[in-house]
Amino acid sequence: MTYIENIFVCIAAPLLVTALCMGKKHYPAFSFCFAGMAACLLSAYINTFFARLYSADIINATTQIAPVVEEIMKLLPLLFYLLIFEPKAEKIGAAVLIVAAGFATFENICYLTQNGAAQLSFLLIRGFGTGAMHIVCGALVGLGLAYVWQRGWLRIAGTAGLLCAAITFHATYNLLIAYGGTVQYVAYALPILTIAVGVGAGKLLKIKPYH
Amino acid sequence: MVELFDNASQFLATLLAGIGAGILFYKSRKQAYFLLACFFGTYSLATLYWTLHVLLFNQTPQVFYVSELGWVASSMFLLTLEYTLSTPEERKFKHPAVWLVPIICVPQLLLYLCHGDILFNLLICGMTMAAAWYSVRGLLYARRQSGKLRDMQYFHIAVLCICALEFCLWTASCFWVSDTLTNPYFWFDFLLTAALFALLPATRKAVGA
């Protein structure tokens with residue numbers, strides 16, 4: 001049994017002290033990081049609950065339950081931020097990415113505690129693959145939200161649509177990982193390639209993402 | 001094998017159309033192209049997930065259909081696109097022919113409710129019916145216009161074809177014949193792929209109208 005709430009406390013404590021030392025200006029960034037890690041913690045519980053409820057095996061839970069729960073949980077702190085603070089478009093993207101990075105970091109730490117840290121090469125591939133996948137989903141939602149939240153009536157349909165897109169991307173990644181073999185390495189490469197294509201196209205076409 | 005080819009061709013067609021819509025959005029910054037790119041993007045992602053699941057595990061998802069979320073999202077984007085492209089006069093336009101949509105679709109919806117998931121069927125059929133309603137109304141309105149405004153009819157015809165083929169597809173899936181080309185399901189799906197791809201030039205005409 002892994003006591004992930006204890007792990008959460010251990011990781012959050014030094015970050016909390018650092019946030020207090022760095023001052024109010026840096027509170028939002030740390031808050032998003034905590035929110036991402038807390039979302040990951042709660043996702044683990046909710047995933048287990050639904051897996052038991054539907055008597056799902058590990059493959060079905062990974063490919064069909066986890067992506068839905070995790071992406072919804074990642075979106076909740078952002079919805080709170082968008083509805084309460086009504087930030088400018090430029091700030092939405094950064095907030096989404098920090099939440100995604102917090103989520104991915106905490107997920108990797110939990111993976112390490114469960115599976116050990118002996119195989120550096122595999123952990124390196126997995127770390128970059130899963131980390132990049134959460135960042136891709138975050139970027140997809142973040143860039144989309146920055147656009148749709150400037151257009152009143154498009155907010156609800158746009159947010160729901162972007163969430164579904166992120167869930168489907170996440171589920172496709174998990175599906176390839178769950179299959180194993182060579183296919184899982186394709187999955188690990190997929191998010192990195194997506195980021196590379198996205199950043200490359202953005203620079204090549206000189207796209208301003210928040211306009 | 002036929003199903004795999006069918007799904008793969010639909011994924012490729014929607015992916016290409018999505019890239020095309022993305023390029024048009026980059027060039028013109030028009031909201032209609034953003035919505036169209038989102039429509040194709042979500043549709044192609046959902047189809048990719050479904051195709052990979054069938055290909056790798058030789059079965060459809062057992063607990064939760066993630067792809068359905070993508071298809072619901074794409075319907076949402078299509079509806080939003082129709083609303084964006086319509087004019088205030090078009091929204092006020094009334095014609096009795098639009099009632100044909102619920103008359104044809106509701107009995108089919110009842111059939112799907114007997115065969116499958118209630119919530120998803122209500123959601124996806126409701127949105128497809130709404131899209132069909134808008135497209136019939138838009139088509140009748142555009143046919144009464146002259147000049148460039150008449151070009152809107154191509155967009156509405158494309159959306160109407162997509163909606164009609166979706167319903168044919170779902171009805172055919174309730175009476176599964178075989179996994180070969182004798183099954184009308186595959187023919188409807190190939191036609192749907194063509195209709196989906198045709199939505200890109202049709203939207204281009206509508207945006208220019």
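Over the Cα atoms of segment B:101-186, the radius of gyration divided by the Kirkwood radius equals 1.08; this is the Rg/Rh ratio. Counting Cβ atoms of other protein chains within 10 Å of each Cβ in B:68-77 and taking the mean gives 6.
Largest GNM mean-square fluctuation across B:Asn183, B:Asn121, B:Asn58, computed for chain B with C-alpha springs under 10 Å, falls on B:Asn58.
Computed from Cα atoms alone, the Kirkwood hydrodynamic radius reported for segment A:126-211 is 13.9 Å. Under Stokes-Einstein, with the Kirkwood radius over Cα pairs standing in for Rh, what whole-number D in µm²/s applies to segment A:33-87 at 4 °C and 1.567 mPa s? In µm²/s, the coefficient rounds to 109. Our summary gives chain A a relative contact order of 23 percent, counting only alpha carbon pairs under 8 angstrom and 6 or more residues apart.
Once you list every other residue whose beta carbon is under 10 Å from the beta carbon of B:Thr84, what net charge do they have if Lys and Arg are +1 and Asp and Glu are -1? Taking every Cβ under 10 Å from that of B:Thr84, the sum is +1.
Within chain B, the longest segment free of exposed loop sites, counting trypsin sites (Lys or Arg not before Pro) that fall outside DSSP classes H, G, I, E and B and have at most 12 other Cβ atoms within 10 Å, spans B:145-209. If I build a Gaussian network model for chain B, linking alpha-carbon pairs within less than 10 angstrom, which residue out of B:Gln31, B:Gln153, B:Gln62 has the largest mean-square fluctuation? Evaluated over chain B, the most mobile residue of the options is B:Gln62. Counting Cβ atoms of other protein chains within 10 Å of each Cβ in A:153-162 and taking the mean gives 5.
Residue order for B:Leu15, A:Leu140, B:Leu139, fewest other beta carbons within 10 angstrom first, comes to B:Leu15, B:Leu139, A:Leu140. Per residue of B:26-36, other chain Cβ atoms within 10 Å of the residue Cβ number 2 on average. Rounded to the nearest 20, the size of the Cβ-charge dipole of segment A:34-186 about its Cα centre is 220 debye, with Lys and Arg at +1 and Asp and Glu at -1. Here the Karplus relation 6.51 cos²θ - 1.76 cosθ + 1.60, evaluated at θ = phi - 60°, turns the backbone of segment A:132-147 into coupling constants of 5, 5, 5, 5, 4, 4, x, 5, 4, 5, x, 5, x, 5, 4, 7 Hz, with x for every Gly and Pro. Please determine, in degrees from 0 to 90 and to the nearest 10, the orientation of helix B:152-174 with respect to the longest principal axis defined by the Cα atoms of chain B, where the helix direction is its Cα long axis. Helix B:152-174 sits roughly 20 degrees off the main axis of chain B. Excluding residues fewer than 8 places away in the same chain, name every one of the lysines whose C-alpha is closer than 26 Å to that of A:Lys24. Hits, sequence-local ones excluded: A:Lys74, A:Lys88, A:Lys91. Computed with the Debye formula from one identical point scatterer per Cα of the protein assembly as shown, without solvent, the log10 of I(q)/I(0) at q = 0.08, 0.13, 0.14, 0.15 Å⁻¹ comes to -0.47, -1.19, -1.35, -1.50. Each 10 Å bin from zero up to the one holding the largest Cα-Cα distance in segment A:67-163 carries the following percent of pairs: 15, 45, 25, 12, 3, 0. Highest mean packing first, where packing is the average number of other Cβ atoms within 10 Å per residue, the peptides B:69-82, B:166-179, A:170-183, A:86-99 line up as B:69-82, A:170-183, A:86-99, B:166-179.
Per residue, chain B reaches -28000 deg cm²/dmol at 222 nm when only DSSP H runs of four or more residues are counted, each adding -39500 (n - 2.57).
Segment B:1-58 and segment B:140-157 have Cα centres spaced 27 Å apart.
Each of B:Pro96, B:Leu35, B:Met152 was scored by the projection of its Cα onto the charge dipole of the protein assembly as shown, and the greatest displacement toward the positive side belongs to B:Met152; charges sit on the C-beta of Lys, Arg, Asp and Glu. Just the projected area, averaged over all directions, of the convex hull on the alpha carbon atoms of segment B:2-208: how many nm²? Projected area, direction-averaged: 11.6 nm². Translational diffusion of segment B:40-82 was estimated from the Stokes-Einstein equation, with Rh taken as the Kirkwood radius over Cα pairs; at 37 °C and 0.692 mPa s the coefficient is 305 µm²/s. In chain A, the convex hull through the Cα atoms has an average projected area of 13.2 nm², a quarter of its surface area.
None of the figures in this text is laboratory data; all of them are computed from the coordinates on show. Predicted, not measured: the structure shown is a model, and the values here were computed from it. All Cβ positions, glycine included, derive from the backbone under ideal geometry; neighbour counts span all protein chains shown.
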